[in-house]
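Working notes for the structure below.
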Amino acid sequence: MKSHLIAASCLIFSAVGVAQECSPDMTKSAPNTRYLYSEQGTIKDKLTGLTWMRCQVGKTWNAATEQCDGEATGFRWQSALQEVAAINHPQSRHALHQFASQAEWRLPNIKELVSLTEMACFGPAMNSRAFAQGFKYEAGNILSYLWSQSPHLASGQVWSFDSVNGEIYHYAPNFEFGVLLVAEE
């Protein structure tokens, strides 16, 4: 009986989300003022000039609440590349085709993902306003890892960005991670 209670407690507490924590002693590396906010569900990074979707693929931008609704979709790397091609196809009926009037969305490279890191915060290590609270930390949530377009040449794996910690790792392309899209402008 005791072991069943412990197991049930672990299941309950492992699914609980934890709010972002930021150090009051550190200057923000990605403050709110770094971004231009669009009601269409994008932000423009004034530092890099890149335009980002505020929600991961699978979630839906809600302009009224300025939040991401729904659940992120997990993709294997090749499937993520195919999803982007489907979004950008001229005849596409994909819900994200020409999202926010952008004609050409893509997977970011690993340096672009790392540029989003908020050094003063954890869980997520990204600006939570800019990304609409869309990256809530939950123990075991592999969708907090984001695919890049950057292969890790020595291993045949692909670089990914851990949005919880702001760290990078390379993984086999058959893992199912989240996707955040970027455009040049």
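The values are calculated or read from the model by the stated rules, or taken from the named source; none is laboratory data. All of these numbers come straight from a predicted model, not from anything done at the bench. Cβ sites come from the backbone with ideal geometry, for glycine too, and all protein chains shown count toward neighbours.
Listing for the model above:
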quantity: Top-ranked residue of segment 27-47 - restricted to ones that are surrounded by fewer than 17 Cβ atoms within 10 Å (Cβ to Cβ) and assigned to a helix (DSSP H, G or I), ranked as farthest from the chain's Cα centre (by Cα); calculated: THR33
quantity: Some residue of segment 101-113 being farther than 30 Å from SER23 by Cα, in a helix (DSSP H, G or I) and touching a residue at least 40 places away in the same chain (Cβ under 8 Å); calculated: yes
quantity: Sole residue being within 16 Å of CYS55 (Cβ to Cβ) and surrounded by 16 or more Cβ atoms within 10 Å (Cβ to Cβ), chosen from GLU71, GLU83; calculated: GLU83
quantity: Hey, VAL57 within 17 Å of the chain's Cα centre (by Cα), surrounded by fewer than 16 Cβ atoms within 10 Å (Cβ to Cβ), within 17 Å of PHE177 (Cα to Cα) and of a type in the set (A, V, I, L, M, F, W, C) or not; calculated: no
quantity: Residue list for segment 145-156, restricted to those being in contact with a strand residue (DSSP E or B) (Cβ under 7 Å, 6 or more places away or on another chain) and more than 23 Å from ALA86 (Cα to Cα); calculated: HIS152, SER155
quantity: Filter result for PHE161 (surrounded by 15 or more Cβ atoms within 10 Å (Cβ to Cβ), in contact (Cβ under 8 Å) with a residue 40 or more places away in the chain, within 11 Å of the chain's Cα centre (by Cα) and assigned to a strand (DSSP E or B)); calculated: yes
quantity: Some residue of segment 95-106 being under 12 Å from the mean Cα position of the chain (by Cα) and crowded, with 20+ Cβ neighbours inside 10 Å; calculated: no
quantity: Failed item, numbered, when ASN127 is tested on (1) surrounded by 22 or more Cβ atoms within 10 Å (Cβ to Cβ); (2) of a type outside the set (Phe, Trp, Tyr); (3) in contact with a Pro (Cβ under 7 Å, 6 or more places away or on another chain); calculated: (3)
quantity: Top-ranked residue in segment 75-131 [being within 20 Å of GLY166 (Cα to Cα) and of a type in the set (Asp, Glu); ranked as modelled with the lowest pLDDT]; calculated: GLU118
